[in-house]
Amino acid sequence: MNFLVIGGDAAGMSAASRAKRNQADMNVTVLEMTSDVSYSACGMPYNIADPDRDMEDLVVRRAEVFRQKQGINLLTGHCAEKIDPASKTVSGRKADGEGFSFSYDKLLIATGASPVIPDIPGMDLRGIMPLKSLEDGKKIKEYLKNHNVRKAVITGMGYIGLEMCEALRHRGIQVDMVKPRPGLLPWMDKNLSDEVRKVLEDENVGLYDGYEIQKIAESGDGLKIICAEKELEAQMILVGIGVNPASRIGLDAGAEAGPGQSLAVDHRMRTSLPDIYAAGDCADAFHVITGERTWIPLALRANRAGWAAADNVCGIATELPGIVGTAVFKVFDMQVTRTGLTEKEAKEAGFEPASVSIKTRSRAHAHPGSQPLWVYMTGDKKSGRLLGVQMVGKDGVAHRINAPAVALHAGMSVEAFFQTDMAYAPPFGPVWDPVLTAANQLLKKL
């Protein structure tokens, strides 16, 4: 069997490796447009924060390892441009411009996501860069090395933008953040997002939410972002507005579209086209709580979906139930997490939600190291079902979100979750864990 994979990062290389483990004699070919494969994209902001670290540290497994030890025909510098489902071929161009064509029996599209680059005058000026690929990270690090960057502006206030804000401040660079919509982390309960805002303000980060960028121009000292209300000077601009699924090659071939123009897949990672699968950030998923299609790009999902696609290609029936959108990120010393639905999302999905927001402590009363911790929890009045949890704090937050994430996958009620037997010791939490305290308060509203 010829198993062809387009894309050589998380989902693509997970699938290629899994397929070779399942069937050692399978002919597996991977087409990757860049020179980099299998790297930790989520680690790039933390690498950029340290000028002495090499970006190559983020490479998990080098291309030659896949080729020599696993027998995968990994072709870097190969940009796939067109899929012909009728002839079961993929064509494109190499880095040197030479064309190529490969046939397949089974095909996996694992093309990931692309950074959103807004159509703003001046966006093509030198010193304006996105951060999505390892190559992007290398360019940013090289730019910082060779230029006297004293001030940077980040367009957007999402996960990557906030992590890069910390990275740049760690290097002594002043940072402003700007975006058109008002509100920091608009999906988050205001009590919690206000705490994140305080952390940024304490680090002297300029926050300009609700400021529409009209254009970017050169200035005597570098670059200038021009809004109706204000002008922001910088020597570097980081584009961190977000990403879109890099799904065009599949959609052009006739595959059904999912949310946000992602590739719609079933629980076995199959697209609507015969013998064509999709996995990773280019593909959608089913939301465990709503049962509806959703597009939430997540690293764990990409790796897991790559495995599932390979299993199904090899005739091992494997279904993924879906996701609940569990995420965690760091804003200086603040840990920010979420899982499940917000109250707004719950209403749109047809639930009758109620929510509570509490402030408690990360450890037992008066125990050294105890920090304030905020929990926001949502449940359904009609069924009593737990729907979502958000948490922020400087201690004991990041892994605490996993308990409600498991509860959401299990379809637990708030009452059942409240009755779970959680561990207690003073260095790790109060007798009543913060998520149990929130559940108890939510029960009163349900």
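The values are calculated or read from the model by the stated rules, or taken from the named source; none is laboratory data. Being a predicted model, the structure only gives us computed values, none of them experimental. Quick reminder, even Gly has a Cβ in these numbers, built from the backbone with ideal geometry, and neighbours come from all protein chains shown.
Which of the residues spanning the range 178-187 are surrounded by fewer than 20 Cβ atoms within 10 Å (Cβ to Cβ) and either more than 16 Å from THR339 (Cβ to Cβ) or not aromatic (Phe, Trp, Tyr) (or both)?
Passing the criteria: PRO180, ARG181, PRO182, GLY183, LEU184, PRO186.
Output yes when any residue across the range 299-307 is at pLDDT 95 or above, touching a Lys or Arg at 6+ places or on another chain (Cβ under 9 Å) and in the same structural domain as ARG18 (by TED's automatic domain parsing), and no when none is.
Taking every residue of the range 299-307 in turn, at least one turns out to be at pLDDT 95 or above, touching a Lys or Arg at 6+ places or on another chain (Cβ under 9 Å) and in the same structural domain as ARG18 (by TED's automatic domain parsing).
Can you give me the number of residues within the range 375-386 that are out of contact with any Ser or Thr (no Cβ under 6 Å at 6 or more places or on another chain) and buried (at least 24 other Cβ atoms within 10 Å of the Cβ)? If you could, list the steps in order and put the result at the bottom.
Taking the range 375-386 as the starting set, the residues that turn out to be out of contact with any Ser or Thr (no Cβ under 6 Å at 6 or more places or on another chain) are 375, 377, 379-383, 386.
Of the ones still in play, those that are also buried (at least 24 other Cβ atoms within 10 Å of the Cβ) are 375, 377, 379, 386.
Residues flagged as out of contact with any Ser or Thr (no Cβ under 6 Å at 6 or more places or on another chain) and buried (at least 24 other Cβ atoms within 10 Å of the Cβ) within the range 375-386 amount to 4.
Scan the range 115-155 for residues that are basic (Lys, Arg) and over 16 Å from GLY172 (Cα atoms) and jot them down. Break it down into steps so the answer makes sense when it comes.
Of the residues in the range 115-155, the ones basic (Lys, Arg) are 126, 132, 138-139, 141, 145, 150-151.
Passing the criteria: ARG126, LYS132, LYS138, LYS139.
Being within 16 Å of ALA110 (Cα to Cα) and touching a residue at least 60 places away in the same chain (Cβ under 8 Å) is the filter here; which residues of the range 228-253 pass it?
Across the range 228-253, the qualifying residues are VAL243, ASN244, PRO245, ALA246, SER247, ILE249, GLY250, ASP252, ALA253.
Restricting attention to the range 87-130, report how many residues are surrounded by 15 or more Cβ atoms within 10 Å (Cβ to Cβ), touching a residue at least 60 places away in the same chain (Cβ under 8 Å) and under 29 Å from THR271 (Cβ atoms).
Quick first cut of the range 87-130, residues surrounded by 15 or more Cβ atoms within 10 Å (Cβ to Cβ) only: 88-90, 92-94, 100, 102, 104, 106-116, 120, 122-123, 127-130.
Right, trim to touching a residue at least 60 places away in the same chain (Cβ under 8 Å) and you get 88, 90, 92, 102, 104, 106-116, 120, 122-123, 127-130.
Among the residues that remain, those that are also under 29 Å from THR271 (Cβ atoms) are: 88, 90, 92, 102, 104, 106-116, 130.
Adding up the residues that qualify gives 17.
Please verify whether GLU218 is out of contact with any Phe, Trp or Tyr (no Cβ under 6 Å at 6 or more places or on another chain), assigned to a strand (DSSP E or B) and either among the acidic types (Asp, Glu) or outside the structural domain of GLY156 (by TED's automatic domain parsing) (or both), treating the condition exactly as stated.
Working: out of contact with any Phe, Trp or Tyr (no Cβ under 6 Å at 6 or more places or on another chain): yes; assigned to a strand (DSSP E or B): yes; either among the acidic types (Asp, Glu) or outside the structural domain of GLY156 (by TED's automatic domain parsing) (or both): yes.
So GLU218 passes the test.
Identify, please: which residue in the range 313-327 is of a type outside the set (Val, Ile, Thr) and within 17 Å of LYS20 (Cβ to Cβ) and is, among those, nearest to the chain's Cα centre (by Cα)? First the steps, then the outcome.
Of the residues in the range 313-327, the ones of a type outside the set (Val, Ile, Thr) are 314-315, 317, 319-322, 325, 327.
Going one step further and asking which of them are within 17 Å of LYS20 (Cβ to Cβ), we end up with 314-315.
Details: CYS314: 28, GLY315: 30 Å.
Checking each candidate, the answer is CYS314.
Conditions tested, residue by residue: (1) more than 21 Å from GLY99 (Cα to Cα); (2) of a type in the set (Val, Ile, Thr).
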site: GLY12; (1), (2): yes, no
site: LYS20; (1), (2): yes, no
site: ALA24; (1), (2): yes, no
site: VAL30; (1), (2): no, yes
site: MET33; (1), (2): no, no
site: MET55; (1), (2): yes, no
site: PHE66; (1), (2): yes, no
site: GLY77; (1), (2): no, no
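Would you mention how many residues in the range 57-74 are in contact (Cβ under 8 Å) with a residue 60 or more places away in the chain and part of a loop (DSSP other than H, G, I, E, B)? Break it down stepwise before answering.
Going residue by residue through the range 57-74, those that are in contact (Cβ under 8 Å) with a residue 60 or more places away in the chain are 58-59, 74.
The next check asks that each one be part of a loop (DSSP other than H, G, I, E, B); those that pass are none.
Final tally of qualifying residues: 0.
From the list LEU207, LEU223, which residue is over 30 Å from ARG304 (Cβ atoms), more than 26 Å from the chain's Cα centre (by Cα) and in contact (Cβ under 8 Å) with a residue 40 or more places away in the chain? If you could, list the steps in order and put the result at the bottom.
Working: LEU207 fails: more than 26 Å from the chain's Cα centre (by Cα).
Of LEU207, LEU223, the one residue that is over 30 Å from ARG304 (Cβ atoms), more than 26 Å from the chain's Cα centre (by Cα) and in contact (Cβ under 8 Å) with a residue 40 or more places away in the chain is LEU223.
Evaluate the range 390-404: report whether one residue or more is of a type outside the set (Ser, Thr, Tyr) and more than 29 Å from ARG197 (Cα to Cα).
Here is the first cut: in the range 390-404, the residues of a type outside the set (Ser, Thr, Tyr) are 390-404.
When the remaining residues are screened for being more than 29 Å from ARG197 (Cα to Cα), the result is none.
No, every residue in the range 390-404 fails to be of a type outside the set (Ser, Thr, Tyr) and more than 29 Å from ARG197 (Cα to Cα).
What do you reckon, is SER14 without any contact (Cβ under 8 Å) to a residue 60 or more places away in the chain, in contact with a Phe, Trp or Tyr (Cβ under 8 Å, 6 or more places away or on another chain), crowded, with 22+ Cβ neighbours inside 10 Å and polar (S, T, N, Q)?
On the way: without any contact (Cβ under 8 Å) to a residue 60 or more places away in the chain: no; in contact with a Phe, Trp or Tyr (Cβ under 8 Å, 6 or more places away or on another chain): yes; crowded, with 22+ Cβ neighbours inside 10 Å: yes; polar (S, T, N, Q): yes.
It is false that SER14 is without any contact (Cβ under 8 Å) to a residue 60 or more places away in the chain, in contact with a Phe, Trp or Tyr (Cβ under 8 Å, 6 or more places away or on another chain), crowded, with 22+ Cβ neighbours inside 10 Å and polar (S, T, N, Q).
Which one of these does GLU319 not meet: (1) acidic (Asp, Glu); (2) in a helix (DSSP H, G or I); (3) free of Cβ contacts under 8 Å to residues at least 60 places away in the same chain?
In the conditions (1) acidic (Asp, Glu); (2) in a helix (DSSP H, G or I); (3) free of Cβ contacts under 8 Å to residues at least 60 places away in the same chain, GLU319 misses (2) alone.
Sort through GLY161, GLY172 and tell me the only one that's outside the structural domain of ILE358 (by TED's automatic domain parsing) and on the phi > 0 side of the Ramachandran plot. Before you say what the answer is, go through the steps one by one.
On the way: GLY161 fails: on the phi > 0 side of the Ramachandran plot.
After ruling out the rest, the residue left standing is GLY172.
Which of the residues spanning the range 118-141 are within 15 Å of ILE225 (Cβ to Cβ) and either among the hydrophobic types (A, V, I, L, M, F, W, C) or part of a strand (DSSP E or B) (or both)?
Correct list: ILE120, MET123, LEU125, ILE128, MET129.
Can we say GLY384 is touching a helix residue (DSSP H, G or I) at 6+ places or on another chain (Cβ under 7 Å) and under 27 Å from ALA416 (Cα atoms)?
Working: touching a helix residue (DSSP H, G or I) at 6+ places or on another chain (Cβ under 7 Å): yes; under 27 Å from ALA416 (Cα atoms): yes.
The answer is yes for GLY384.
Please go through the range 19-45 and give me each residue that is surrounded by fewer than 22 Cβ atoms within 10 Å (Cβ to Cβ), modelled with pLDDT of 95 or more and touching a helix residue (DSSP H, G or I) at 6+ places or on another chain (Cβ under 7 Å), ordered by number.
LYS20, ASN22, MET26
Scan the range 132-147 and tell me whether some residue there is at pLDDT 95 or above and at positive phi.
no
Of all residues in the range 59-108 being outside the structural domain of ALA283 (by TED's automatic domain parsing) and among the charged types (D, E, K, R), which is farthest from GLU135 (Cα to Cα)?
LYS69
Name the pairs: first residue in the range 255-274 and farther than 17 Å from ALA317 by Cα, second residue β-branched (Val, Ile, Thr), Cβ to Cβ under 6 Å, at least 6 apart or on different chains?
Matching pairs, first to second residue: ALA255/THR271; PRO259/THR294; LEU263/THR271.
Scanning for something within 28 Å of the chain's Cα centre (by Cα) and either modelled with pLDDT under 95 or farther than 24 Å from ASP275 by Cα (or both), does the range 76-91 turn up at least one residue?
Within the range 76-91 (the criterion being within 28 Å of the chain's Cα centre (by Cα) and either modelled with pLDDT under 95 or farther than 24 Å from ASP275 by Cα (or both)), the answer is yes, since at least one residue qualifies.
Can you find, within the range 158-177, the residue that is nearest to ILE226 (Cα to Cα) among those that are of a type in the set (Gly, Ala, Ser) and surrounded by 15 or more Cβ atoms within 10 Å (Cβ to Cβ)?
At the first step, the residues of the range 158-177 found to be of a type in the set (Gly, Ala, Ser) are 158, 161, 167, 172.
Remaining after also requiring surrounded by 15 or more Cβ atoms within 10 Å (Cβ to Cβ): 158, 161, 167.
Numbers: GLY158: 21, GLY161: 19, ALA167: 24 Å.
Here the residue is GLY161.
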